[in-house]
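Beneath this line is the structure, given in structure tokens, with notes to follow.
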Amino acid sequence: MLESFDEFKVEHARRLFVFGSWSFALALMLPGNARSTASRWPPVFETARSQFTIVEPREKVPPLRLKDLDNREVVIKPKLGRVTLVNLWATWCAACRIDLPLMGKLERGGVAGLDVIAICTDGNDVNKVKNYLQDIGEPNLNCFTDPYGSATDVRDPSASKFKVYGMPITYLIGKTGYIEGFITGAADWLSPAGIRTVRFYQDGPGN
């Protein structure tokens, strides 16, 4: 028996990908259109406690009403034709101190066709967020706050556009603006597995 809900989620994700790998192998043996289902399954991409999990049914991301770090209201929307990572974090999250520098490295590293949007879920105090980013060495990270609950609604989590199954959590948005999947924890998207996952959605599914 699993000891915690976190372990349940990890086991559920593992089973999804075991099933996905089996489906992929089966599809390779089938002719014609039967093989097309194999293209749904991205490469395995893992953190220590989680792995990239497909979201079904896919939902389109609406324009997000946020605030930038100058406390100005902005409307953010993933750019069509590009893959976007939406990273949700909080100032109380220990793992975010590892994850946000990875996001900053990814942003500066310049993976072609990829955008990064970081959203602080508990950061209505812009100065507090700025100080946090300064403290971890990422003062220029493309980061926003969510005072209107546009991305995550703390008052009604079930109504959130981006569900928070763990912290941090990063959602991948495909080229047509649909949520494709997520991964929790400090995930290195510049690792070979991370880059393969990004390329998978740049090259095929979600078109």
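The values are calculated or read from the model by the stated rules, or taken from the named source; none is laboratory data. Here the structure is a predicted model, which means the values were calculated and not measured. Cβ sites come from the backbone with ideal geometry, for glycine too, and all protein chains shown count toward neighbours. Each accessible area value is taken on the protein alone, full model and side chains, heavy atoms only, with ligands, DNA and RNA left out. Shrake-Rupley method; radii C 1.70, N 1.55, O 1.52, S 1.80 Å.
Residues that are in contact (Cβ under 8 Å) with a residue 24 or more places away in the chain and over 14 Å from Ile169 (Cβ atoms) within the stretch 84-97 comprise Thr84, Thr91, Trp92, Arg97, listed in sequence order. Is it the case that some residue within the stretch 92-113 is at pLDDT 95 or above, of a type in the set (Val, Ile, Thr) and in contact with a Leu (Cβ under 9 Å, 6 or more places away or on another chain)? Checking the stretch 92-113: not a single residue is at pLDDT 95 or above, of a type in the set (Val, Ile, Thr) and in contact with a Leu (Cβ under 9 Å, 6 or more places away or on another chain).
Scanning the stretch 72-119 for residues that are over 14 Å from the mean Cα position of the chain (by Cα) and of a type in the set (Ser, Thr, Tyr) yields one hit, Thr91.
Scanning the stretch 135-174 for residues that are within 18 Å of Gly113 (Cα to Cα) and modelled with pLDDT of 95 or more yields Thr170, Tyr171, Leu172, Ile173, Gly174.
Would you check which residues across the stretch 58-71 are on the phi < 0 side of the Ramachandran plot, more than 16 Å from the chain's Cα centre (by Cα) and surrounded by 12 or more Cβ atoms within 10 Å (Cβ to Cβ) and list them? Within the stretch 58-71, Arg65, Leu66, Lys67, Asp68, Leu69 meet the criteria.
The residues listed here are Leu64, Leu106, Leu69; of these, the one that is touching a residue at least 40 places away in the same chain (Cβ under 8 Å) and in contact with a Cys (Cβ under 8 Å, 6 or more places away or on another chain) is Leu69. Among the residues here, Thr152 qualifies as under 14 Å from the mean Cα position of the chain (by Cα) and open to solvent by less than 40 Å² (accessible area, probe 1.4 Å).
Okay, residues lined up against (1) part of a helix (DSSP H, G or I); (2) touching a His at 6+ places or on another chain (Cβ under 6 Å); (3) open to solvent by less than 20 Å² (accessible area, probe 1.4 Å):
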| site | (1), (2), (3) |
| --- | --- |
| Leu88 | no, no, yes |
| Ala94 | no, no, no |
| Asp99 | yes, no, yes |
| Arg108 | yes, no, no |
| Asp115 | no, no, no |
| Gly123 | no, no, yes |
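Taking the condition outside any helix (DSSP H, G or I) and touching a Ser or Thr at 6+ places or on another chain (Cβ under 9 Å), does Asn140 pass? So Asn140 does not fit the description; no. Every condition in (1) touching a helix residue (DSSP H, G or I) at 6+ places or on another chain (Cβ under 6 Å); (2) touching a residue at least 40 places away in the same chain (Cβ under 8 Å); (3) surrounded by fewer than 20 Cβ atoms within 10 Å (Cβ to Cβ) holds for Gly174 except the one numbered (3). Apart from one condition, Cys143 fits all of (1) crowded, with 17+ Cβ neighbours inside 10 Å; (2) out of contact with any Cys (no Cβ under 7 Å at 6 or more places or on another chain); (3) closer than 23 Å to Ile179 by Cβ; (4) of a type outside the set (A, V, I, L, M); the exception is (2). Among the conditions (1) on the phi < 0 side of the Ramachandran plot; (2) open to solvent by 10 Å² or more (accessible area, probe 1.4 Å), the only one that Gly137 does not satisfy is (1).
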